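Accompanying notes for the structure given below.
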Amino acid sequence: MRRAAVVTMLLAIVSVTTATGFDGHRKGFVLGGGIGFAPVAKWSVEESFLGHTVLSVEETRAGVGLNMLIGYAWDEKNMIIYEGNAVGYWSEIRDESIGQGFGGAAWYHYYGPKGKSGFTTAGMGLYSFDPETRDANDAGFGMLLGGGYEFARHWQVGGYLSFGTSSYHGLDYRHSHLSVLVSGVAF
């Protein structure tokens, strides 16, 4: 099942440059996605009672990073999009696979011409945590910061830091992940 999802994502990324209806100008509707490596994916939870810590769990793992974006570029340098930026990994503490990530509005700013440009991004939204064997945590506030380089028309490599909170049955979780992704963006 997961292999099929990865193959589908790769096919979508490869086909992004052949999509019709896009004029090649970074202005108007944009659509994209990427895949890469997340060297750091972290979650922690702590509970205190009468000023004493009674529960403290923290885990840091590496995993597979993914992103998807859809939105609008109002000129050649700026676009506002909805971005999902997530990581999946195997948790040794929980002995199950976990998905966690940011979902929300993000602003991308490109500093040069198409195909040869550095970029930065910043976003605010929600952060989610979804263990395989139980219901997902209630999403909390999340942020995304990143930057990278558009090395060819429609193709870019970027580093992204996402962090935020979630909750489950009264416990507050803290999360963060760092990912390096190669993305295709149709415009």
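Being surrounded by fewer than 19 Cβ atoms within 10 Å (Cβ to Cβ), aromatic (Phe, Trp, Tyr), modelled with pLDDT of 80 or more and in a strand (DSSP E or B) is a condition met by at least one residue of region 28-35. Only one of the listed residues (His177, His154) is under 11 Å from the mean Cα position of the chain (by Cα), surrounded by 17 or more Cβ atoms within 10 Å (Cβ to Cβ) and either modelled with pLDDT under 95 or within 16 Å of Leu66 (Cβ to Cβ) (or both). That residue is His177. Remark: Asn67 matches the filter, which requires a residue to be under 11 Å from the mean Cα position of the chain (by Cα) and within 16 Å of Thr120 (Cα to Cα).
How many residues, within region 149-187, are aromatic (Phe, Trp, Tyr), in a strand (DSSP E or B) and in contact with a Phe, Trp or Tyr (Cβ under 9 Å, 6 or more places away or on another chain)?
Number satisfying all stated conditions: 5.
When the criteria are applied in full, Trp90 fails the requirement of being among the aromatic types (Phe, Trp, Tyr) and over 26 Å from Ser44 (Cα atoms). Every condition in (1) assigned to a loop (DSSP other than H, G, I, E, B); (2) surrounded by 21 or more Cβ atoms within 10 Å (Cβ to Cβ) holds for Gly125 except the one numbered (1).
The values are calculated or read from the model by the stated rules, or taken from the named source; none is laboratory data. As the structure is a prediction and not an experimental result, all values here were calculated from the model. Quick reminder, even Gly has a Cβ in these numbers, built from the backbone with ideal geometry, and neighbours come from all protein chains shown.
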